[in-house]
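The values are calculated or read from the model by the stated rules, or taken from the named source; none is laboratory data. In this text the structure is predicted, and so the values were computed from the model without any measurement. So basically every Cβ, Gly included, is an ideal-geometry build from the backbone, and we count neighbours across all protein chains shown.
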Amino acid sequence: MANELSVEQLRRICDPQTLNCSSSEELKPIKAIIGQDRAARSLQFGLGIQAMGFNVCVVGQPGTGRTKMVESFLEQVARDQPAPSDWCYVYNWGDASQPEAIRLPAGQARQFQTDMKKLIEGAQQELHKAFDSEDYAAKRKETSSSFEKQAEDVINRVNEKAQQEGFVIQQSPTGIVTIPLRRGRPMSQEEFIALSQADKNAISQRQQELQDEIETAVRQARSVNKSATEELDRMDQQVALYALSHLLDDLKGKYKDLPEVLSYLDAVRDDILENLDNFRDDQPEQQPTLPFLVQDKKAQFLKRYSVNVLVDNGALKGAPVVIESNPTYNNLFGRIENEAQFGTLTTDFTLIRQGTLHRANGGYLVLPVYELLSNPFSWDGLKRALRNQQIDIEDPYERMGYMTTRTLQPEPVPLSIKVVLVGTPDLYNLLRSNDQDFAELFKVKADFDSQMDRTDADVQDYIALVGEVCSEDKLKHLDNSALAKIVEQGSRLAEDQTKLSTRFGELADIIREASYYATLAQSPNVTAEHVVKAIEEKFYRSDMIQVKLNDMIARGELMIDVQGERVGQINGLSVLELGDIEFGMPSRITVSVGVGREGLIDIEREAKLGGPTHTKGVMILAGYLMEKYAQDKPVSLSARLVFEQSYSGIDGDSASSTELYAILSELSGVPIQQYIAVTGSVNQKGEVQAIGGVNEKIEGYFEVCKRKGLNGKQGVMIPASNAQDLMLKEEVVQAVRDGQFHVWTVNSIDEGIELLTGVKAGQKKEDGTFEEGSINEKVNKRLKDLSEILVKFGKDEEEK
């Protein structure tokens, strides 16, 4: 028998006095993930285990506060962990195109950068002072003079030898030549030609012997000059090393526990000693003809001693928690920038920039899955970084083999990180099914539910979130009556009196709007009135289509009867989804029955307007009719089902019970009360099953009845299993309280048809017949008559 629900069953009220507070201002923030025990345990496990591949994928519907809750959870976990190392890039003395990465304790990278700058500035001053000193000048002069005298002695000995042999030595463009003397002066070419052949040969022989001695002397002089240069260079390096020693020793003492830094400082020292001219040259360069082409070569050279700080964790308390909302390839892995010089693009190690992975290294990185997959190269790059456990800064096109300009190849930075992906169930299933690397790299699934239990303890946590929203957004706080309305709205969004929705984004918008209305009313706090107004105004801004459809029903353009009786006609209920709004709308469903073998014909399917689920529901009706009425005869009929004045696609089986009632009415000839609208699916056994959108469907029919005039009889019949889903608007609840509207529940088709027709359904007897005068008896008789007519018609056709 159908059961009429009481007012208390239509909406689960939250008593403000049970909330243990007078306003949300008294509530303490909740840092835990509320109502998501499964997700919290998964996160705890995924973040705690250090094995490779145990990264986390957070799965849930948008608007449930997944990202914010994950961030809050990660911050609590990261708070007690040590800050990770700093990283910087320095010049590679072996290969300038491959800058070296140096790890330093947190907060020391900037200090090291400053120390290196001071070291080079101090080196310039100390070297300038050392090389400009009188002692250095005197010692250099003394050393130079000593070697110059040695070279001069060698040359003088050769000159004396040449003069003794009758020759003079002269320097020519082709080298040193010997010229014979005649009467104390160099012999001319004509004079040499005039000599006899014997004299010429004698001169040439002596000249050759002398040339050999000259070459030997020249080699000796060059060796002396080379020794002089080496000695002067050695002296310069000794002077420079002495001048730099105290600077380097102080720095080495400061970083004595960092072998990489000590090795780098030794390389800096050696490079300075090999390039002392760049530190000694204090003369200004000659100004070029075009002033805009001036380039400080010395500054460019000294740039090699700079330190490029890639990651500075000095101000970080605990491990980093980074949320990257735009995970492009460069944002994730960093980039190598270029600068324009004389019309061309150049780069160096000081132009290497960090990526999100560098900032999150040693901590946690949160990435939205959809945006990650939408950006070229990002997903593949992330998988490669996690597999190799290192961060490579490179041009993705170069990895793919495309031709690119020659650039830097910075040393990879070791990666130690937990990545948390945030996405929907569809994306998770897509990756799990189609990407073989996904399961290996993201082994932990944290599934966020769209609902949570509505227990007293959970309600306290729920309203604590309201306090957080008010504090963070600087909104007016909600008094306990307003908090109670938020709890009730949470159950309405969950479509379950025993649950609360975790669509916190939607609830936060209601709180913000309610605060706005409270401000307009100059109220110190948000009250229940403001929350209700926010909910109603949000719906009002989007319900123009519903209003227009209701107007068409009121004018009779859309034919919906809300009073009277009709055979084979019933009001079914459906939910229309239009972007940001859902509302219920009644539809007239009619059935026509005649003799035939076609069975049930779904006109919506024939017109290609019915979806597969709707078609399945219609086919179930045939199964119900066959089991209940075709045990002693064939079901021979032609019945056509249609949603009247419906011109768009129809899917879902929530109207299957409604269609069955119309069929039974048409077959029995018993009219259906048109003031009762029906929703619910049915199985082949005649059990009425739960459907979705029950609140919207009831409210939609109520709006139509209100427009056409409430008569105290109107109402909606729903499946009994949907009773706990009811969180109806207070206007509907009040109409039920006043006896102007009703809500009934049924468990079976028999219960429903009795309520709709006022006639007993009728139980099946042992002989296979039904109670006399019942709906089932009338249906059974009509089906038998149709079968007999069809048989008789077939015989008549055969006789003809």
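Any idea how many residues of region 83-121 are among the polar types (S, T, N, Q) and within 17 Å of PRO412 (Cα to Cα)?
4
Listed here are the residues, each with its yes/no results for (1) modelled with pLDDT under 90; (2) farther than 30 Å from LEU386 by Cβ; (3) over 27 Å from the mean Cα position of the chain (by Cα); (4) not assigned by TED's automatic domain parsing to the domain that holds THR67.
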{"position": "ILE463", "(1), (2), (3), (4)": "no, yes, yes, yes"}
{"position": "GLU472", "(1), (2), (3), (4)": "yes, yes, no, yes"}
{"position": "ASN480", "(1), (2), (3), (4)": "no, yes, yes, yes"}
{"position": "ALA494", "(1), (2), (3), (4)": "no, yes, no, yes"}
{"position": "SER501", "(1), (2), (3), (4)": "no, yes, no, yes"}
{"position": "LEU507", "(1), (2), (3), (4)": "no, yes, no, yes"}
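Scan the strands (runs of 3 or more DSSP E) fully inside region 56-147 and keep the ones with 1 or more residues being on the phi < 0 side of the Ramachandran plot and among the aromatic types (Phe, Trp, Tyr).
By residue number, 86-90.
I'd like to verify a number: residues in region 515-543 that are in a helix (DSSP H, G or I) and either outside the structural domain of LEU483 (by TED's automatic domain parsing) or not aliphatic (A, V, I, L, M) (or both), how many?
Going through region 515-543 one residue at a time, the tally reaches 12.
Please state which of the following conditions ASP233 fails to meet, knowing it meets all the rest: (1) more than 60 Å from the chain's Cα centre (by Cα); (2) modelled with pLDDT of 70 or more; (3) surrounded by 10 or more Cβ atoms within 10 Å (Cβ to Cβ).
(1)
So in region 585-615, with the set limited to residues that are surrounded by 14 or more Cβ atoms within 10 Å (Cβ to Cβ) and of a type in the set (Lys, Arg), which one is modelled with the lowest pLDDT?
Ranking the candidates gives ARG605 first.
Please work out which residue is surrounded by the most Cβ atoms within 10 Å (Cβ to Cβ), limiting yourself to region 238-269 and to residues that are part of a helix (DSSP H, G or I) and hydroxyl-bearing (Ser, Thr, Tyr).
Top of the filtered list is TYR264.
Tell me yes or no: at least one residue of region 645-656 is of a type in the set (Phe, Trp, Tyr) and not in a loop (DSSP other than H, G, I, E, B).
no
Identify the single condition in (1) surrounded by fewer than 16 Cβ atoms within 10 Å (Cβ to Cβ); (2) in contact with a Gly (Cβ under 6 Å, 6 or more places away or on another chain) that VAL56 does not satisfy, given that it satisfies every other one.
Result: VAL56 fails condition (1) only.
Would a scan of region 691-703 turn up a residue that is surrounded by fewer than 24 Cβ atoms within 10 Å (Cβ to Cβ), part of a loop (DSSP other than H, G, I, E, B) and in the same structural domain as LEU641 (by TED's automatic domain parsing)?
yes
Please go through (1) assigned by TED's automatic domain parsing to the domain that holds ARG353; (2) within 22 Å of LEU273 (Cα to Cα); (3) of a type outside the set (Ser, Thr, Tyr) for GLY122 and return the number of the only condition it doesn't satisfy.
(1)
Among VAL791, VAL733, VAL743, VAL759, which is the only one that is within 26 Å of GLU699 (Cβ to Cβ) and surrounded by fewer than 21 Cβ atoms within 10 Å (Cβ to Cβ)?
VAL733
Just checking, how many residues over region 624-634 are modelled with pLDDT of 80 or more and either touching a helix residue (DSSP H, G or I) at 6+ places or on another chain (Cβ under 6 Å) or crowded, with 16+ Cβ neighbours inside 10 Å (or both)?
4
Restricting the first residue to region 621-643 and requiring it to be assigned by TED's automatic domain parsing to the domain that holds MET559 and among the polar types (S, T, N, Q), which pairs with a second residue that is surrounded by 14 or more Cβ atoms within 10 Å (Cβ to Cβ) and in a strand (DSSP E or B) meet a Cβ separation below 8 Å and a spacing of at least six or different chains?
The qualifying pairs are SER638/VAL593; SER638/GLY599; SER638/ILE601.
I'm trying to understand the selection: among the residues of region 556-582, which are surrounded by 16 or more Cβ atoms within 10 Å (Cβ to Cβ), aliphatic (A, V, I, L, M) and outside any loop (DSSP other than H, G, I, E, B)?
Across region 556-582, the qualifying residues are ILE570, LEU573, VAL575, LEU576, ILE581.
Taking the residues in region 533-592 that are free of Cβ contacts under 8 Å to residues at least 40 places away in the same chain and over 46 Å from the mean Cα position of the chain (by Cα) as candidates, determine which candidate is farthest from GLN740 (Cα to Cα).
By that ranking, first place goes to GLU557.
Given the structure, is GLN220 under 60 Å from the mean Cα position of the chain (by Cα), part of a helix (DSSP H, G or I) and at negative phi?
The answer is no for GLN220.
What about ILE553, is it under 16 Å from LYS706 (Cα atoms), assigned by TED's automatic domain parsing to the domain that holds GLU699 and surrounded by 14 or more Cβ atoms within 10 Å (Cβ to Cβ)?
Yes, satisfied.
Go through region 197-230 and give me each residue that's of a type in the set (Lys, Arg) and either modelled with pLDDT of 75 or more or closer than 30 Å to LEU127 by Cβ (or both).
Residues satisfying the conditions are ARG222, LYS226.
Which one of these is more than 45 Å from the chain's Cα centre (by Cα) and either more than 17 Å from ILE570 (Cα to Cα) or touching a residue at least 24 places away in the same chain (Cβ under 8 Å) (or both): GLY709, GLY700, GLY692?
Answer to the check: GLY709.
Run down LEU127, LEU119 and say which single residue is touching a Phe, Trp or Tyr at 6+ places or on another chain (Cβ under 7 Å) and not acidic (Asp, Glu).
LEU127
Looking at TYR661, TYR675, can you tell me which residue is closer than 27 Å to ILE545 by Cβ and either surrounded by fewer than 23 Cβ atoms within 10 Å (Cβ to Cβ) or hydroxyl-bearing (Ser, Thr, Tyr) (or both)?
Checking each option against the conditions leaves just TYR675.
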